Amino acid sequence: MVDTAIMIEGARLGWGTDMWALTQAQIIAQMKLFYVGIIFFYFSVSVAKLAILFFYLRIFTTRTFKRVTYGLIALCSAYSVAVVFQSAFNCTPASYYWTRFDGVSEGTCLSYAAFKVMPPLNIALDVVVMLLPLPLLLRLNLPRAKKIRVISMFSVGILVIIAGILRLTHLYHSITTYNITYNGGELSYYGVIEADVSVMCTCMPAIAALLKRLLPRWFASSRETYPTFQTAPSTRGTFRSSTNPTKPASGSAEDIKLITVLPDHSPVRRPDKSLSPIRHHYM
């Protein structure tokens, strides 16, 4: 929301306009928006990645997967702190980020090398976060249509990666020219798209639940089978599945078990919530 509001205000002030056609006051106003927008951009995309990783922990319970996810959470957290801090204190004093164009103020700013490193790292983390659950999703014992639907939901992050790559190409072009208001306008548009789609990805489970309530014929059925991922200690190297939630399935250390979820009015005993299944509204 903040990035979108900044983009709208920036367009009103002349984002995308040749720097030499603007007054000094207009340039300074735009640079202030750039400063705030960069900070909120990296904060938004970083929080979105962390939210997705914590969502993974809720629905995937295999031991190895959880360890990898916790490692990624630590890595994304460290990256988030570093990139937000670097964006906020890129110049000394911080106000020199926008006052350097008044011809009077004095200060220093970091090299553009930092701006060349941060976006590729952000894209790399997006790719890892998106691909992380795919091996488990491909092993789901579900009808093909439902499996495609689940994998598609987890693959919406491709849009974030595409927007990040487009933003990266424009970033490299803008930092090598002095016409920052002209090149920075298009750069900001791709940044807003990337940030907004990242937030949309974190809301996908809630959106799926809403659609199921609004369109029950399309998103619900009277009896469905949904997966849950559990750690099942075993020394065997084969993979098996079970439709009985009370009977453990033998197999590898990371078996995928299936349970049958019945309607609320059914007298049949419902499975234990501790199994952490992928709920029907995520489908």
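The values are calculated or read from the model by the stated rules, or taken from the named source; none is laboratory data. Values in this document were obtained by computation on a predicted structure and should not be read as measured data. No Cβ is skipped: glycine too gets one built from the backbone with ideal geometry, and neighbour counts run over all protein chains shown.
Out of LEU187, LEU136, report the one residue that is farther than 24 Å from VAL36 by Cα and modelled with pLDDT of 75 or more.
On the way: LEU187 fails: farther than 24 Å from VAL36 by Cα.
Selected residue: LEU136, the only one of LEU187, LEU136 that is farther than 24 Å from VAL36 by Cα and modelled with pLDDT of 75 or more.
Among the numbered conditions (1) in contact with a helix residue (DSSP H, G or I) (Cβ under 8 Å, 6 or more places away or on another chain); (2) modelled with pLDDT of 90 or more, tell me where GLU106 comes up short.
Among (1) in contact with a helix residue (DSSP H, G or I) (Cβ under 8 Å, 6 or more places away or on another chain); (2) modelled with pLDDT of 90 or more, the lone unmet condition for GLU106 is (2).
List the number of the failed condition for PRO135; all other conditions in (1) touching a residue at least 40 places away in the same chain (Cβ under 8 Å); (2) surrounded by fewer than 18 Cβ atoms within 10 Å (Cβ to Cβ) hold.
(1)
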